[in-house]
1. Might you let me know whether region 62-85 holds any residue that is assigned to a strand (DSSP E or B), at pLDDT 95 or above, within 21 Å of residue 230 (Cα to Cα) and touching a helix residue (DSSP H, G or I) at 6+ places or on another chain (Cβ under 9 Å)?
2. Scan region 101-117 for residues that are in a helix (DSSP H, G or I) and touching a strand residue (DSSP E or B) at 6+ places or on another chain (Cβ under 6 Å) and report the count.
3. Among the numbered criteria (1) surrounded by fewer than 18 Cβ atoms within 10 Å (Cβ to Cβ); (2) within 26 Å of residue 64 (Cα to Cα), which one does residue 200 miss?
4. Looking only at residues in region 3-17 that are in contact with a helix residue (DSSP H, G or I) (Cβ under 8 Å, 6 or more places away or on another chain) and assigned to a helix (DSSP H, G or I), which one is farthest from residue 62 (Cα to Cα)?
5. Go through (1) outside any loop (DSSP other than H, G, I, E, B); (2) out of contact with any helix residue (DSSP H, G or I) (no Cβ under 8 Å at 6 or more places or on another chain) one by one and return the number of the condition residue 152 breaks.
6. When you go through 215, 230, 189 one by one, which is the residue that is surrounded by 13 or more Cβ atoms within 10 Å (Cβ to Cβ), assigned to a loop (DSSP other than H, G, I, E, B) and modelled with pLDDT of 95 or more?
7. May I ask you to list the residues in region 96-113 that are in contact with a helix residue (DSSP H, G or I) (Cβ under 9 Å, 6 or more places away or on another chain) and without any contact (Cβ under 8 Å) to a residue 60 or more places away in the chain?
8. Can residue 169 be described as in a strand (DSSP E or B), surrounded by fewer than 19 Cβ atoms within 10 Å (Cβ to Cβ) and modelled with pLDDT under 95?
């Protein structure tokens, strides 16, 4: 079972690419995947945690806006503390960084400046050369960008190549001022832009599979070419579930508010 913790689960087509990417990988692996849709705002109210606790893997997808953000952070914390496979996509990667900074490093006010411009610990921020651009579209990183993978990481094992290209759609980035601090808390930066300036993939060293991407790997998944990260995520979830025999693929929906 995979819990997809989102803001727009009433309109599941908002996450169609993720759903299809999961099914591509499940078919390739010969396993069943049941997608449980969890509203992140409901988690903030204490509802939906039975679904999270039953999950063999958790995905926090991309998105914009403040509603439901704390629920997504709570889901990331649950995955980290309980060693549940976690895949964070774009915003899901950024909130994984916020969660680790808050609850491992103890900086409770850590945040993204997208949600709190006055945070004393802006672990996610606009790049310095983007801050004076008034047009939101002008600050967005869009399209295909290269990424260099670091050796002996989950990401490198998944891709089996040195350099990749992935599709981006976001404004905010990891704040490089916090690189060393996050590394001291067990975070590895396993994918970096060729010039070394931008963090593209982050993962935890002491976790079976807790990985976040600044890009959207779901956009490049195909039925005949499932994406390596979704394959690796489902393999970790399968191990979490203890599934050994191939079974039929299906999807279902629960916990829509």
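1. Looking for residues that are assigned to a strand (DSSP E or B), at pLDDT 95 or above, within 21 Å of residue 230 (Cα to Cα) and touching a helix residue (DSSP H, G or I) at 6+ places or on another chain (Cβ under 9 Å), one finds none in region 62-85, hence no.
2. Selection size over region 101-117: 2.
3. Looking at each condition in turn, residue 200 falls short on (1).
4. 12
5. The single condition residue 152 does not satisfy is (1).
6. 215
7. Residues satisfying the conditions are 98, 99, 102, 103, 107, 108, 109, 110, 111.
8. Yes: the conditions hold for residue 169.
The values are calculated or read from the model by the stated rules, or taken from the named source; none is laboratory data. Worth saying up front: this structure is predicted, and the values here are computed from it rather than measured. Backbone-built Cβ (ideal geometry, glycine too); neighbour counts: all protein chains shown.
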